1. Only one residue in ALA100, ALA124 is touching a strand residue (DSSP E or B) at 6+ places or on another chain (Cβ under 9 Å), over 18 Å from ARG10 (Cβ atoms) and open to solvent by less than 40 Å² (accessible area, probe 1.4 Å). Which one?
2. Checking the conditions here, which among VAL177, VAL190 is surrounded by 15 or more Cβ atoms within 10 Å (Cβ to Cβ), at negative phi and touching a Ser or Thr at 6+ places or on another chain (Cβ under 7 Å)?
3. Are there any pairs with C-beta distances below 9 angstrom linking a residue in region 197-223 that is within 20 Å of ARG182 (Cα to Cα) to a residue that is in a loop (DSSP other than H, G, I, E, B) and hydroxyl-bearing (Ser, Thr, Tyr), with the two at least 6 apart or on different chains, and if so which?
4. For region 52-59, check the following and say yes or no: at least one residue is farther than 16 Å from GLY144 by Cβ and acidic (Asp, Glu).
5. Filter region 81-90 down to residues that are open to solvent by 70 Å² or more (accessible area, probe 1.4 Å) and touching a helix residue (DSSP H, G or I) at 6+ places or on another chain (Cβ under 8 Å), then give me how many there are.
6. Within the set of pairs 6+ apart or on separate chains, which have a first residue in region 35-62 that is touching a residue at least 24 places away in the same chain (Cβ under 8 Å) and part of a loop (DSSP other than H, G, I, E, B), a second that is surrounded by 20 or more Cβ atoms within 10 Å (Cβ to Cβ) and not charged (D, E, K, R), and C-beta atoms under 6 Å apart?
7. Looking at this structure, is SER212 farther than 21 Å from ALA8 by Cα, more than 19 Å from the chain's Cα centre (by Cα) and not in a loop (DSSP other than H, G, I, E, B)?
Amino acid sequence: MVILLTNAPRTEEAVAAQLDRIGLPRGAWTHIATSGEAGIAGLLAADGPVGFIGSAGDRAILEGRGVIIDDGNEFTDLAVTGIDGIRMNAADYLPELEDARARNATMHCLNPDMLVIRGGVPEACAGAIAEIYENLGGQVEYYGKPHAHIYEHALKIGGNPEKSEVLAVGDGLPTDVLGAARFGLDCVFVRGGIHAGEPFPADFASQYGLGSWAPVAQVDSLR
């Protein structure tokens with residue numbers, strides 16, 4: 001069984017369709033667990049309409065699942081799925097973040113990743129915007145790796161196997177690898193992803209208080 005665990009701020013159906021478009025056979029995976037599904041549940045529980053930062057496509061997905069978005073400045077919860085496709089740097093959103101902080105809005109970060117590589121080009125993710133908001137003193141609720149909820153969700157989808165029976169594979173040190181380590185999973189670190197071939201840091205475990213934890217293997221790619 002292969003469960004794709006993704007910080008995509010979208011529904012499982014939307015991610016499956018995206019994988020179809022890039023040509024990944026459906027037989028390559030069994031289930032998909034997304035941070036978007038967890039985030040949608042949190043947004044639906046919010047007190048009233050929410051603010052929004054992200055792409056038009058992500059907004060349509062949220063609204064399609066019943067999330068009401070406020071284009072004004074009356075919201076007390078702010079959904080962030082990533083950049084909007086026009087302002088490409090996280091710092092470009094500072095005015096909106098300062099306004100939200102002034103009203104003590106709670107940010108819901110539907111993708112804790114800081115960076116993604118699209119077509120070989122680095123692109124800021126929602127996590128980078130959330131980091132700025134936290135530096136302003138704002139409160140952020142995170143959904144997805146490295147936080148435990150998405151791992152619990154994935155194991156439930158997979159029939160609740162023992163953690164000793166699960167192997168995590170990922171390329172993001174502060175998300176994929178850290179999340180697996182904190183959740184008590186063995187992990188294969190893919191060096192050739194967002195860290196561009198860098199070896200596994202010797203001080204990773206000590207930096208995060210993980211004792212002697214280390215990945216069970218390191219590979220350059222999955223090809």
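The values are calculated or read from the model by the stated rules, or taken from the named source; none is laboratory data. No experiment lies behind these values; they were computed from the predicted model shown. Positions of Cβ are generated from backbone atoms using ideal geometry, with glycine treated the same way; all protein chains shown enter the neighbour counts. Ligands, DNA and RNA are excluded from the accessible area calculation, which covers all protein heavy atoms including side chains. Shrake-Rupley method; radii C 1.70, N 1.55, O 1.52, S 1.80 Å.
1. Numbers: ALA124 fails: over 18 Å from ARG10 (Cβ atoms).
One residue alone meets the criteria, ALA100.
2. Numbers: VAL177 fails: touching a Ser or Thr at 6+ places or on another chain (Cβ under 7 Å).
Unique residue meeting the criteria: VAL190.
3. What qualifies is ALA205/SER212.
4. No, region 52-59 contains no residue that is farther than 16 Å from GLY144 by Cβ and acidic (Asp, Glu).
5. Within region 81-90, the subset open to solvent by 70 Å² or more (accessible area, probe 1.4 Å) is 86-89.
Next, only the ones that are touching a helix residue (DSSP H, G or I) at 6+ places or on another chain (Cβ under 8 Å) stay: 87.
The qualifying residues number 1.
6. PRO49/PHE75; GLY54/THR81; GLY54/GLY82
7. Values: farther than 21 Å from ALA8 by Cα: yes; more than 19 Å from the chain's Cα centre (by Cα): yes; not in a loop (DSSP other than H, G, I, E, B): no.
The answer is no for SER212.
Conditions (1) within 27 Å of VAL177 (Cα to Cα); (2) modelled with pLDDT under 90; (3) not basic (Lys, Arg), marked per residue:
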{"site": "LEU5", "(1), (2), (3)": "yes, no, yes"}
{"site": "ALA14", "(1), (2), (3)": "yes, yes, yes"}
{"site": "LEU19", "(1), (2), (3)": "yes, no, yes"}
{"site": "THR34", "(1), (2), (3)": "yes, no, yes"}
{"site": "ALA41", "(1), (2), (3)": "yes, yes, yes"}
{"site": "ASP47", "(1), (2), (3)": "no, yes, yes"}
